[in-house]
């Protein structure tokens with residue numbers, strides 16, 4: 001397929017590369033120059049504008065937030081204006097439920113199709129085509145999107161024919177990850193304050209009750225205090241918790257733990273941690289307990 005790809009950040013560059021490897025004709029656009037060099041060398045085409053990336057059968061966006069998606073979708077050279085009628089916009093960004101609704105209506109009015117397809121996984125999984133994709137959209141749109149989703153994901157979960165549902169699932173997943181990071185950090189600090197090595201504590205937990213990948217990977221980062229090489233920043237994590245809270249407000253579904261996480265992120269930001277990996281949230285409990293590394 002002729003596929004445009006917009007957003008070559010830590011996740012997007014791996015996803016776009018796997019589209020090229022799968023044989024798709026990829027035209028990529030990134031606001032910051034230079035991120036597409038390896039991709040172009042691998043066979044992709046460089047787009048000088050959003051509009052040029054929208055000349056094919058589909059365009060994928062992988063961007064940081066609602067504002068970035070809005071900037072490339074609306075306007076004279078935006079996706080809605082430039083994507084051919086009948087073509088497909090696949091949003092793999094983590095966006096608000098409200099933005100997913102807005103995109104659905106805008107593309108329908110323009111005679112285009114929209115699929116919300118956010119992903120679970122960090123950049124290494126994106127590069128290895130091992131992401132988990134959560135997709136929602138009309139059955140026809142999902143069918144047309146599958147060759148693209150299969151190129152960068154190991155499994156796609158189709159959750160609804162209403163695109164906003166996929167965004168809600170993604171926000172719920174990231175909320176659970178945030179809660180895990182906070183609770184694991186607190187438990188680790190408790191053990192360490194009592195004289196137990198935090199790596200030993202993590203080994204017990206991940207070898208018994210919590211023998212799952214996210215506890216191993218995120219727990220290792222927390223135990224190692226390895227936060228400077230951020231692949232997903234605390235700022236982005238806080239953004240997602242805020243979006244989950246907004247969804248809860250709209251649905252009248254209280255999220256008390258999410259409210260706690262919002263305040264914990266504010267505590268982290270107050271000490272200059274906005275650009276650290278969001279796993280740094282898990283080290284706050286140790287600091288609060290007076291543990292010195």
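Values quoted throughout were computed directly from the atomic coordinates according to the rules given, and no laboratory measurement underlies them. These figures come from a predicted structure and were not determined experimentally. Here the Cβ is made from the backbone with ideal geometry for all residues, glycine too, and neighbour counts use every protein chain on show.
Here are a few things to note about the model shown:
- In degrees, nearest ten, helix 139-152 long axis to first principal axis of the chain (Cα): 60
- Spatial separation of Cα centroids for the range 55-120 and the range 218-272, in angstrom: 25
- Normalised by 2.2 N^0.38 Å, where N is the number of residues, the alpha-carbon radius of gyration of the range 195-293 equals 1.17.
- For the chain, the longest principal axis of the C-alpha atoms and the axis of helix 213-224 are separated by about 60°.
- Ellipticity estimate at 222 nm from DSSP helix runs (n ≥ 4, -39,500 (n - 2.57)) divided over the chain, nearest 500: -16000 deg cm²/dmol
- Each DSSP beta bridge with both residues in the chain is either parallel or antiparallel, and the antiparallel ones are about 15%.
- Ordered by the count of other Cβ atoms within 10 Å of each Cβ, fewest first, 113, 259 give 259, 113.
- Model label sites at residue 288 and residue 246, defined 7 Å from Cα along the beta-carbon direction, differ in position by 2.7 nm.
- Rounded to 5, percent antiparallel among DSSP beta bridges of the range 2-162: 10
- Taking the C-alpha atoms only, the angle from helix 12-21 to the longest principal axis of the chain is near 50 degrees.
- According to the calculation over all Cα-Cα pairs in the range 2-162, the P(r) per 5 Å bin from zero is 2, 10, 21, 25, 23, 14, 4, 0 %.
- Radius, Kirkwood style, for the range 98-168 when every pair of distinct Cα atoms is counted (Å): 12.3
- Over the range 46-93: Kirkwood hydrodynamic radius from C-alpha pairwise inverse distances, Å: 10.7
- The range 43-135: C-alpha gyration tensor shape, a/c 1.5 cut-off, then a/b vs b/c: oblate
- Taking other C-beta atoms within 10 angstrom as a stand-in for reagent exposure, 95, 52, 148 fall in the order 52, 148, 95, fewest first.
- Exposure proxy shown here: for 102, 55, the number of other Cβ atoms within 10 Å sets the order, fewest to most, as 55, 102.
- Intensity falloff of the chain expressed as log10 I(q)/I(0), Debye formula with alpha-carbon point scatterers, at q = 0.07 Å⁻¹: -0.28
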